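Everything below concerns the one structure shown next.
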Amino acid sequence: MSGSRRPLSLFTTAVALSLVLAACSSSSSTPSPGAGSSRPRAGGHLTFALGSDPLCVDPHQAATNDAVYAARGLVDSLTDQDPTTGRIVPWLAKSWQVSQDASTFTFHLRDGATFSDGTPIDALAVKANFDAVVKLGAKSIFGSGYLSGYRGTEVVDAHTAKVVFDHPNAQFLQATSTTTLGLLGPASLERSAESLCTGPLVGSGPFLLDRYTPGRSVELSRRANYTGGSSLWKHTGPAYLNAITFTVVPESGVRTGSLESGQIDAIGGVAPQDEAGLKAQGEKLLARSNPGVPVALSANAARPEAGDIAVRRALEIAVDRKQVVDTILSSSYLPATSSLSSTTDDYRDNSGLLAHDPARAEQILDAAGWTPGPDGIRVKNGVKLDLKVILAPNFGPNQSVLELVQQQLKKVGIGVTLRILTIADYQQAQKSGDYDLAWGNGTRADPDILRTAFSSKLLNLSRVQDPELEKLLDAQSSAADPAKRAEDVAAAQRRVLEQAYQIPVFEMTSVYALSARVHDVSLGSSSQVQFHDAWLS
Amino acid sequence: MRHYLLRRLFQAVFVLWAAYTVSFGVLYLLPGDPATIMAAGGGDATTVTREQTDALRHQYGLDQPLAEQYATRLLHAVHGDLGRSVQSGVPVTHLLRQALPTTAQLAAGAMLLALVLGSAVALLGSSTRRRWLRQLLLSLPSLGVSAPTFWVGLVLVQLLSFHWRIFPAFGDEGFSALVLPAVTLALPAAALIAQVFAKSLRTALAEPYIQTALAKGASRRRVLFGHAVRNASIPPLTLVGIMAGNVLAGAVVVETVFARPGIGRETAAAVTAQDIPVVQGVVILGAVTFVLTSLAVDLVHPLLDPRIITTTRPAVAA
């Protein structure tokens, strides 16, 4: 029996090799680039591959990026946010006022806008929507934060709605531009939360929900009588595309191959290692950093090691962010330069504080009494500088990135142990505090995400009580004047980095690939895909 | 016969209850609960407060004592109500009904292919007089058993979908979409059948009655198909009954690779989110499938070998 093993294993290897080689020598035919007119053409059916099942396409409850891609076209919002400037601009509301203490917001609605069932979009509908989102509670995981302290909406007249909060809530203005606070028809709001997840839905946007089949696809079609449009769009009135189908294709390699072989028009969740191949095939890549908190190690300051500011500062400058991006990720990704990513409103470049300087890191650790032990890992008063990092596998390259960071930190004498956990275990560990550093990010186009992440009243990722930081976070939350708010946000960003509560590494990035026949797909302020101006050649 | 069927029915009910209870226990032993996972929203920072998460927990009855939750759910399940998915709010029976045809097609296609392919390899390998061909054919099953399904699926998709563009890479519409996933799922099953069938053929061909048949002047073909196959097919048939469950497990991988919205994908998603009602629905479905296929196999046995009498024979692997 043992005699036959060898030829068999050789045979196995040969078959395996030949198959892999065949798979690598991919077709040499390149699709012709989008030749022809560059003027938008109405019509056509676009297919888009999502990485995960949206689970719920009700815009109020949509909890993942994939759900938001599908839901965005179903609803218009009161405002829109310019992705390049961060400015809030008119959409369903033509103008608005914010009270001095940022606790009351008055919106003046545009004339003539209607829901897909023909009912007018008026102040009563605005009130019904916000009331409904509050009632959803935790089922609207974003809305519950956007509307925290919601006292109610006053219907001043048919076109004027006044939203009142118990406390200052400056982030609410940006929140009105999100998909989560998009407007559904009153007819839909009367139905149960569960039934809204799968539709039918009466929306206010340029697309209608034809069907959502859980696990399979979301089918949208153009709303012919749509008259509105955000002030940021290239055209108003009905969308160009006749229909969009979002199909769930979980494997990133299958999404990529399906695009390259012409089986699908556009894909989301492009893996960093697939980008070069897609570009070489002539597909268009669309990438934008997600606004909010970059992918970072949040220090657990309640523990003796990460509680030492010297350790945290050393971590900040011992990480070589450029190497991480260059070797593990792709050119679409940016190294982190602040405690907010560069696409967030009021972001400030603080790369000076984060410059890679391992020699300085060693000096800081030496000065603080952390001296190298026999195995090179530093020790102080018998405590070994071996940090437990927890991570969840919610982004493919997470582990590779952290293994590289582990090597970088080892050079300055900081040991790192990686614990890869399921999302449930990760949360459990976060709650119990059994970790030194927690790996994660948070997406939000408004800088208030800093308060969400660091305020001791909210998530408090770093388990700190820092009155100075708290003061800055509260100040930005109650500043109605954008210039004043920007100042407070800038100071808070700096404070987080100076105290090194968090070691930002890179900016999470949404990467899409489109076939050459797809034009004018745009990315919104949260880096979500938008299809109102999109057309097919 | 009636006594036998009654006993089998009783056994089936016990298997279902045990599967339900064990899966319930396991799901509750896991850290966290579906409400917390939902509030986490895939890991992004959200501002869901503790009170709101508690409200959600209350809504799903997750705050009740464990025994009460178990009793309530079991009672509803007996009445055919498996509850609603925590994640999407869709009734579990509806989810399963929607996903089942996709998986049933896949499983049936794969089993059929596995039977044909596995038997062909075993028969050819056992009957050929060419040494090299016999060697090659009989070493194929080991290859098939050891190649990871995930990898096989990706290689097939690369070649036959992306490169030659013969079959679609994803979806479940039409026959062509069934080919690649069914082949992927069938290969390891075929390999197992071939291994077992080849071995039992070898045993059967060494029996004295084969010598007798040959001595009486029967052709090799007649001896193989008329005598050996019939006697050698009981072990692989028993295997088919057991494999029905394995095919469901294999569907988790295959349906993910080929983006088929079936039971396997539903299971993977539900387990990740600890969507208890859905996971339990799948467990019950799996148990029912298992009970039915092993019953079918038991009933076929006496047709192949009259010495086996169902009334006295204990159940197979129940």
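Tabulated data for the structure shown
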read-out: Qualifying position, being within 9 Å of chain B (Cβ to nearest Cβ) and modelled with pLDDT under 50, among A:27, A:18; value: A:27
read-out: Counted residues, segment A:482-508 - those being within 27 Å of residue A:314 (Cβ to Cβ) and open to solvent by less than 20 Å² (accessible area, probe 1.4 Å); value: 13
read-out: Extreme residue, farthest from residue A:290 (Cα to Cα), among residues of segment A:256-274 that are within 11 Å of chain B (Cβ to nearest Cβ), among the small types (Gly, Ala, Ser) and out of contact with any helix residue (DSSP H, G or I) (no Cβ under 6 Å at 6 or more places or on another chain); value: A:262
read-out: Subset of segment B:245-260 [closer than 30 Å to residue A:258 by Cα and either within 12 Å of the chain's Cα centre (by Cα) or part of a helix (DSSP H, G or I) (or both)]; value: B:246, B:247, B:248, B:249, B:250, B:251, B:252, B:253, B:254, B:255, B:256, B:257
read-out: Inter-residue pairs, beta-carbon under 6 Å, first outside any loop (DSSP other than H, G, I, E, B) and in segment A:194-213, second open to solvent by 20 Å² or more (accessible area, probe 1.4 Å), 6+ apart; value: A:208/A:116; A:208/A:221; A:209/A:201; A:210/A:219; A:210/A:221; A:211/A:219; A:212/A:198
read-out: Some residue of segment A:173-186 being assigned to a strand (DSSP E or B), open to solvent by less than 20 Å² (accessible area, probe 1.4 Å), assigned by TED's automatic domain parsing to the domain that holds residue A:113 and modelled with pLDDT of 95 or more; value: no
read-out: Single match in B:110, B:99, B:67 (criterion: touching a Leu at 6+ places or on another chain (Cβ under 7 Å) and either of a type in the set (A, V, I, L, M, F, W, C) or exposed (fewer than 15 other Cβ atoms within 10 Å of the Cβ) (or both)); value: B:110
read-out: Complete set of residues in segment A:401-412 that are over 20 Å from the mean Cα position of the chain (by Cα), in contact (Cβ under 8 Å) with a residue 40 or more places away in the chain and surrounded by 15 or more Cβ atoms within 10 Å (Cβ to Cβ); value: A:404, A:405, A:408, A:409, A:412
read-out: Hits in segment A:111-166 - residues which are outside any loop (DSSP other than H, G, I, E, B), open to solvent by 50 Å² or more (accessible area, probe 1.4 Å) and closer than 17 Å to residue A:196 by Cα; value: A:131, A:134, A:135
read-out: Of residues in segment A:441-471 being closer than 18 Å to residue A:343 by Cβ and small (Gly, Ala, Ser), the one nearest to the other protein chains (Cβ to nearest Cβ); value: A:442
read-out: Check on residue B:7, surrounded by fewer than 19 Cβ atoms within 10 Å (Cβ to Cβ), modelled with pLDDT of 80 or more and more than 27 Å from residue A:428 (Cβ to Cβ); value: yes
read-out: Meets criteria (farther than 24 Å from residue B:281 by Cβ, assigned to a helix (DSSP H, G or I), open to solvent by 60 Å² or more (accessible area, probe 1.4 Å) and more than 9 Å from chain A (Cβ to nearest Cβ)) for residue B:136; value: no
read-out: Where a residue in segment A:124-143 is away from chain B (no Cβ under 14 Å) and under 18 Å from residue A:109 (Cβ atoms) and its partner, wherever it lies, is surrounded by fewer than 21 Cβ atoms within 10 Å (Cβ to Cβ) and not hydroxyl-bearing (Ser, Thr, Tyr), with Cβ under 6 Å and at least six apart; value: A:124/A:155; A:125/A:186; A:127/A:155; A:128/A:186; A:128/A:189; A:132/A:189
read-out: Close pairs from segment B:150-170: first of a type in the set (S, T, N, Q), partner in a helix (DSSP H, G or I), Cβ under 8 Å, at least 6 apart; value: B:158/A:22; B:158/A:23; B:158/A:257; B:161/A:257; B:161/A:258; B:161/B:180
read-out: Qualifying positions in segment B:261-279 - part of a helix (DSSP H, G or I) and within 16 Å of the chain's Cα centre (by Cα); value: B:263, B:264, B:265, B:266, B:267, B:268, B:279
read-out: Segment B:146-172: number of residues that are among the aliphatic types (A, V, I, L, M), part of a loop (DSSP other than H, G, I, E, B) and crowded, with 16+ Cβ neighbours inside 10 Å; value: 2
read-out: Hits in segment A:214-246 - residues which are polar (S, T, N, Q) and either open to solvent by less than 60 Å² (accessible area, probe 1.4 Å) or not in a loop (DSSP other than H, G, I, E, B) (or both); value: A:217, A:221, A:230, A:245
read-out: Selected residue (criterion: surrounded by the fewest Cβ atoms within 10 Å (Cβ to Cβ)) from residues of segment B:204-221 that are modelled with pLDDT of 85 or more and within 14 Å of residue B:123 (Cβ to Cβ); value: B:205
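The values are calculated or read from the model by the stated rules, or taken from the named source; none is laboratory data. Treat the numbers as computed from the prediction; the structure is a model and nothing was measured. Cβ: placed from backbone, ideal geometry, glycine included. Neighbour counts: every protein chain shown. Remember, those area values only see protein heavy atoms, side chains included, never the ligands or the DNA or RNA. Shrake-Rupley method; radii C 1.70, N 1.55, O 1.52, S 1.80 Å.
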